[in-house]
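Reading through the C-alpha cells given below for one structure.
The values are calculated or read from the model by the stated rules, or taken from the named source; none is laboratory data. A quick note: this is a predicted structure, and the numbers were derived from the prediction, not measured. We place every Cβ from the backbone using ideal geometry, glycine too, and count neighbours over all the protein chains shown. SASA here: full protein model, heavy atoms, side chains in, ligands and nucleic acids out. Shrake-Rupley method; radii C 1.70, N 1.55, O 1.52, S 1.80 Å.
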Amino acid sequence: MSKELEQKNTSCINDKLINSLKLIETLSNTLGVKEKDKILFDIEEINQNELRIRIKNGSLNYKTPWFAIKNEEPYVFMPAEIFDIVLKMLKNAQRESFELKLERSIWQHFPVDFGDVWRVAMDELSKQKFVKEPDLDKIIEKIKREHPNLFVDLSNLVEMQRENDD
C-alpha cells in the first residue's frame, strides 16, 4: 500500500474514532452521566461467540450506562431500568408531538367546541390501523364533512356580514 493511501486510511479511521468519541460524549451528557461516572470500554472480538471488554476509562459501575468502541464504532450498554426510562420518555415525547399536531390541525378548521372535535378525531383514529403517522389534516377535513355542526361555517359568517353591511 502506498504511503499516501495509508495516510488517507489512517486519517479516515482517526476521523471516525473522533466522531465516535464525540457521539459518546453527547450521549453521556444527554443521559446525565457525569464525567467522573463515565465508563469507557474497548471491545475485542475473541471469536464469533465471545467478546472481551476492557475498561479504558473510569471504574466498574453497574448503575450507569457503559460506553464502548469496537472498530471505531460507538456502543452503549445500559441497565434495563435506564433503558426502560429512555423508552418511556421517547414514547411520551412521541405522544405529545402527535397531540400537538392534532391540536394544531383542529384549530386550523375553526371548531365550535374543541373538546368535541378532539373526541371525534380520537374515535376516528382508533378505528383505523396506521403503518405510518396519519395525515391529521385529512382526518379533520373528513370529520368536518361528516359533522359540519362541529365547526364554524366561515362562508355563512361572511355572507351574514355582507348582509349586515348592506
With Cβ to Cβ distances under 10 Å as the rule, what net charge do the other residues near Arg52 carry (K, R +1; D, E -1)? -3
Apply the Karplus curve 6.51 cos²θ - 1.76 cosθ + 1.60, θ = phi - 60°, to the phi angles in the stretch 124-130 and return the couplings in whole Hz, x for Gly and Pro. 4, 5, 6, 6, 10, 9, 10
Pairs from Lys36/Lys91; Lys22/Lys63; Lys88/Lys132; Lys91/Lys142; Lys16/Lys88; Lys36/Lys88 whose Cα-Cα separation, in the structure shown, is over 24 Å: Lys36/Lys91; Lys91/Lys142; Lys16/Lys88; Lys36/Lys88
Nearest 10 degrees is fine. How inclined is helix 3-30 to the longest principal axis of the chain, computing both from alpha carbons? 60 degrees
Calculate for the chain the 222 nm mean residue ellipticity that helices alone would give, adding -39,500 (n - 2.57) per DSSP H run of length 4 or more and normalising by residue count, nearest 500 deg cm²/dmol. -19500 deg cm²/dmol
Give the carbon-plus-sulfur fraction of the accessible surface of the chain in %, rounded to a whole number; probe 1.4 Å, heavy atoms of protein chains only. 53 percent
Only bridges with both residues in the chain count here: give the DSSP antiparallel percent, nearest 5. 75 percent
Options (1) 1.29; (2) 0.93; (3) 1.00 are given for Rg/Rh (Cα atoms, Kirkwood Rh), and the computed one is (1)
Suppose each label sits 7 Å from its Cα in the direction of the beta carbon; what would the Glu133-Tyr75 distance come out to in nanometres? 3.2 nm
Whole-Hz Karplus ³J(HN,Hα) for the stretch 78-90, in order, using 6.51 cos²θ - 1.76 cosθ + 1.60 and θ = phi - 60°, x for Gly and Pro? 9, x, 4, 4, 5, 4, 4, 4, 4, 5, 5, 5, 5
Karplus (6.51, -1.76, 1.60) ³J(HN,Hα), θ = phi - 60°, over the stretch 42-56, in Hz, Gly and Pro reported as x: 10, 10, 10, 7, 7, 8, 4, 10, 9, 10, 10, 10, 10, 6, 9
Pull up the cross-link candidates among the lysines for Lys138, meaning alpha carbon to alpha carbon under 16 Å and not fewer than 8 places away within one chain. Lys101, Lys127, Lys129
Amide H proximity to Val33 below 5 Å, modelled H, separation 5+ or other chain, gives none
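For Asn19 and Leu90, calculate 0.36 nm times their separation in residues minus their Cα-Cα distance, and state this gained length in nm to one decimal. Please list the in-between numbers first.
Working: separation 71, 0.36 × 71 = 25.56 nm, distance 2.43 nm.
Difference between extended and current length: 23.1 nm.
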Calculate, for the stretch 1-145, the solvent-accessible area per residue in square angstrom, rolling a 1.4 angstrom probe over the heavy atoms of the protein chains. 75 Å²
Near the amide H of Trp66, under 5 Å away, which other amide H atoms are found, from residues 5 or more places off or on another chain, if H is placed in the peptide plane? Phe77, Met78
